[in-house]
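Trainee: First the structure, then my questions, so here it is.
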Amino acid sequence: MKKSILLLLLGITISFSGVHAQDWLDFRAESCLCKAQFPASPELKQEQKEGYKSNQAVAEYEGDVFLLDYSTFPEPMDKEDGIIFAREAVNAFSETLGAMVIKEKKYKMNGWEGLATQMEIPGEEAIIYYNTVLVRSINYQIVMIGSSEDAKKRGKKFIKSFKLQ
């Protein structure tokens with residue numbers, strides 16, 4: 001009898017959580033050979049800038065912003081330059097937002113070193129996850145900026161969903 005009640009409660013719990021679960025959408029960018037999952041359908045933007053081409057997939061969900069930016073440079077760079085480039089990208093991004101880096105660690109993706117950071121903007125309730133890695137001639141930036149109660153959880157899921165193909 002106890003087993004039946006536990007199974008019934010488990011079924012109800014799973015059903016209830018399914019109602020509130022967020023359906024994540026797969027995004028695959030063919031031009032950069034990467035993929036990620038977004039909590040909402042991303043808007044695609046493309047810009048030709050001096051020296052590189054920027055492609056962005058941006059989604060907003062419950063006030064939080066999710067961004068995958070992949071910029072293509074005309075010349076590939078060496079692996080040794082990758083971490084230097086990542087450091088400069090983190091500095092430029094944090095300066096632009098007036099954010100402070102509160103956590104930072106190196107990580108590798110397909111043998112290329114990048115930086116995974118967590119930032120916050122002084123005086124604001126926003127949390128920022130910013131990862132960047134340079135692979136040959138493509139710089140990938142994966143960003144979540146949020147202030148909702150679930151921002152950390154969604155941000156971590158978004159960041160972890162990013163994969164190179």
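Trainee: So if I check each of GLY146, GLY111, which one is in contact (Cβ under 8 Å) with a residue 40 or more places away in the chain and either among the aromatic types (Phe, Trp, Tyr) or in contact with a Lys or Arg (Cβ under 9 Å, 6 or more places away or on another chain) (or both)?
Mentor: Working: GLY111 fails: in contact (Cβ under 8 Å) with a residue 40 or more places away in the chain.
Of the residues listed, the single one that is in contact (Cβ under 8 Å) with a residue 40 or more places away in the chain and either among the aromatic types (Phe, Trp, Tyr) or in contact with a Lys or Arg (Cβ under 9 Å, 6 or more places away or on another chain) (or both) is GLY146.
Trainee: Also, quick follow-up: Among the numbered criteria (1) under 25 Å from TRP24 (Cβ atoms); (2) in a strand (DSSP E or B); (3) open to solvent by less than 40 Å² (accessible area, probe 1.4 Å), which one does LEU134 miss?
Mentor: (1)
Trainee: A further question follows. For the stretch 113-141, give me each residue that is of a type in the set (A, V, I, L, M, F, W, C) and under 17 Å from the mean Cα position of the chain (by Cα).
Mentor: The first filter runs over the stretch 113-141 and keeps only residues of a type in the set (A, V, I, L, M, F, W, C), leaving 115-116, 119, 121, 126-128, 133-135, 138.
Matches in the stretch 113-141: LEU115, ALA116, MET119, ALA126, ILE127, ILE128, VAL133, LEU134, VAL135, ILE138.
Here is a yes/no grid of residues against (1) loosely packed, with under 13 Cβ neighbours inside 10 Å; (2) among the basic types (Lys, Arg); (3) within 18 Å of the chain's Cα centre (by Cα); (4) closer than 26 Å to ILE128 by Cα:
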{"site": "GLU43", "(1), (2), (3), (4)": "yes, no, yes, yes"}
{"site": "GLU47", "(1), (2), (3), (4)": "yes, no, no, yes"}
{"site": "GLU50", "(1), (2), (3), (4)": "yes, no, no, no"}
{"site": "ASN55", "(1), (2), (3), (4)": "no, no, yes, yes"}
{"site": "VAL58", "(1), (2), (3), (4)": "no, no, yes, yes"}
{"site": "ASP64", "(1), (2), (3), (4)": "no, no, yes, yes"}
{"site": "PRO76", "(1), (2), (3), (4)": "yes, no, no, no"}
{"site": "ASP81", "(1), (2), (3), (4)": "yes, no, no, yes"}
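Trainee: Condition test on TYR70, is it touching a Cys at 6+ places or on another chain (Cβ under 6 Å), assigned to a strand (DSSP E or B) and surrounded by 19 or more Cβ atoms within 10 Å (Cβ to Cβ)? Steps first, answer last, please.
Mentor: Working: touching a Cys at 6+ places or on another chain (Cβ under 6 Å): yes; assigned to a strand (DSSP E or B): yes; surrounded by 19 or more Cβ atoms within 10 Å (Cβ to Cβ): yes.
Yes; evaluated as a whole, the condition is true for this residue.
Trainee: Do we have SER54 as modelled with pLDDT of 90 or more and hydroxyl-bearing (Ser, Thr, Tyr) here? First the steps, then the outcome.
Mentor: Details: modelled with pLDDT of 90 or more: no; hydroxyl-bearing (Ser, Thr, Tyr): yes.
Spelling it out, it is not the case that SER54 is modelled with pLDDT of 90 or more and hydroxyl-bearing (Ser, Thr, Tyr).
The values are calculated or read from the model by the stated rules, or taken from the named source; none is laboratory data. If you're wondering where the values come from, they're calculated on a predicted model, not measured in any experiment. Every residue, glycine among them, receives a Cβ derived from its backbone with ideal geometry; neighbour counts consider all protein chains shown. What goes into the accessible areas is simple: the full protein's heavy atoms, side chains included, and nothing from ligands, DNA or RNA. Shrake-Rupley method; radii C 1.70, N 1.55, O 1.52, S 1.80 Å.
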